[in-house]
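Participant: Below is a structure I'd like to ask you about.
The values are calculated or read from the model by the stated rules, or taken from the named source; none is laboratory data. Note that the structure is predicted; figures quoted are calculated from it, not measured. Heads up, the Cβs are rebuilt from the backbone with ideal geometry, glycines too, and the neighbour counts pull from every protein chain shown.
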Amino acid sequence: MISFVRGIVRQVSAEAIVIDVGGVGLRVLPSASAVAHASLDQPVTLATSLVTREDGWTLFGFSDDEERIVFEALLGVSGVGPRTALAAVSVLGASGLRAAIAGADPGPLTRVPGIGRKGAGRIVLELSDRLAPPPSPAVVAATDWQADVLAGLVTLGWPAGQAEEALARVQSEEPGAVIDAAAGLRACLRILGGRP
């Protein structure tokens, strides 16, 4: 609903940042990195997520879209509320959370206040398909058709890691073969079994 806010910082603390947006002071509950990016009386832009509850609306702020995406994914896990999700983003960062989930390692999540061993395991289980790690440098350097194949597989619902593995298999089984995106996608789908 509110994707970002841009304005002048009027108050800043670990608990809240107040941003003057066109003469209106918006109170944002920030991640640790959002606090680090905010300086009193200086302009700031924060990615945001609006959480609505029976008792009110709360705007959560993040240093970038990646933090917001991970925060919103955490909110989809049963038993994880917005304060716990914000604490997880603050303690581990977006990349730390993605790494723990991709590695099926609940250990780092137990360092977050409010998340025990059982809750950490549930987070890893429920988000393993939704929070794939960001593309590796090898994927970024992929040729156009390879990038198109990976994008197609992810759009179809495959986790990025599985898509990368399937593409690597296709390339190793037919080294040096000239292939286009359509043929590459069909070959990867054969390896993956056709549907996520």
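Participant: Looking at region 38-71, which of its residues are outside any strand (DSSP E or B) and over 15 Å from the mean Cα position of the chain (by Cα)?
Facilitator: Hits for region 38-71 are 38, 39, 40, 41, 42, 54, 55.
Participant: Does residue 13 fit the bill of being at pLDDT 90 or above, more than 24 Å from the chain's Cα centre (by Cα), surrounded by fewer than 20 Cβ atoms within 10 Å (Cβ to Cβ) and closer than 21 Å to residue 112 by Cβ? Step through it out loud before you land on a result.
Facilitator: Numbers: at pLDDT 90 or above: yes; more than 24 Å from the chain's Cα centre (by Cα): yes; surrounded by fewer than 20 Cβ atoms within 10 Å (Cβ to Cβ): yes; closer than 21 Å to residue 112 by Cβ: yes.
In short, yes.
Participant: Identify, please: which residue in region 72-110 is among the small types (Gly, Ala, Ser) and assigned to a loop (DSSP other than H, G, I, E, B) and is, among those, nearest to the chain's Cα centre (by Cα)?
Facilitator: We begin by selecting, within region 72-110, every residue among the small types (Gly, Ala, Ser); these are 73, 76, 78-79, 81, 85, 87-88, 90, 93-96, 99-100, 102-104, 107.
From what's left, assigned to a loop (DSSP other than H, G, I, E, B): 76, 78-79, 81, 103-104, 107.
Details: 76: 12, 78: 17, 79: 19, 81: 17, 103: 15, 104: 16, 107: 19 Å.
Only one residue fits best here, namely 76.
Participant: Using the structure shown, decide if residue 47 is surrounded by 17 or more Cβ atoms within 10 Å (Cβ to Cβ) and either within 21 Å of residue 114 (Cβ to Cβ) or in contact with a Lys or Arg (Cβ under 8 Å, 6 or more places away or on another chain) (or both).
Facilitator: Criteria met by residue 47.
Participant: Given the residues 76, 23, 114, 93, which is the only one that is surrounded by fewer than 22 Cβ atoms within 10 Å (Cβ to Cβ) and under 14 Å from residue 5 (Cβ atoms)? Quick ask: steps written out before the conclusion?
Facilitator: On the way: 76 fails: under 14 Å from residue 5 (Cβ atoms); 114 fails: under 14 Å from residue 5 (Cβ atoms); 93 fails: under 14 Å from residue 5 (Cβ atoms).
Exactly one of 76, 23, 114, 93 is surrounded by fewer than 22 Cβ atoms within 10 Å (Cβ to Cβ) and under 14 Å from residue 5 (Cβ atoms), namely 23.
Participant: Here's something else I'd like to know. Evaluate the following for residue 98: is it over 24 Å from residue 15 (Cβ atoms) and of a type outside the set (A, V, I, L, M, F, W, C)?
Facilitator: On the way: over 24 Å from residue 15 (Cβ atoms): yes; of a type outside the set (A, V, I, L, M, F, W, C): yes.
So residue 98 fits the description; yes.
Participant: Looking only at region 94-115, which residues are touching a helix residue (DSSP H, G or I) at 6+ places or on another chain (Cβ under 6 Å) and without any contact (Cβ under 8 Å) to a residue 12 or more places away in the chain?
Facilitator: 110
Participant: Condition test on residue 29, is it under 28 Å from residue 125 (Cα atoms) and either among the aliphatic types (A, V, I, L, M) or touching a strand residue (DSSP E or B) at 6+ places or on another chain (Cβ under 7 Å) (or both)?
Facilitator: Numbers: under 28 Å from residue 125 (Cα atoms): yes; either among the aliphatic types (A, V, I, L, M) or touching a strand residue (DSSP E or B) at 6+ places or on another chain (Cβ under 7 Å) (or both): yes.
When the stated conditions are applied, residue 29 passes them.
Participant: Quick check, is residue 28 free of Cβ contacts under 8 Å to residues at least 12 places away in the same chain and surrounded by 11 or more Cβ atoms within 10 Å (Cβ to Cβ)?
Facilitator: On the way: free of Cβ contacts under 8 Å to residues at least 12 places away in the same chain: no; surrounded by 11 or more Cβ atoms within 10 Å (Cβ to Cβ): yes.
Against the criterion (free of Cβ contacts under 8 Å to residues at least 12 places away in the same chain and surrounded by 11 or more Cβ atoms within 10 Å (Cβ to Cβ)), residue 28 does not qualify.
Participant: With 156, 131, 167 as the choices, which residue is closer than 26 Å to residue 99 by Cα, at pLDDT 80 or above and out of contact with any strand residue (DSSP E or B) (no Cβ under 9 Å at 6 or more places or on another chain)? I'd like the intermediate steps shown before the answer.
Facilitator: On the way: 156 fails: at pLDDT 80 or above; 131 fails: at pLDDT 80 or above.
Exactly one residue qualifies, and that residue is 167.
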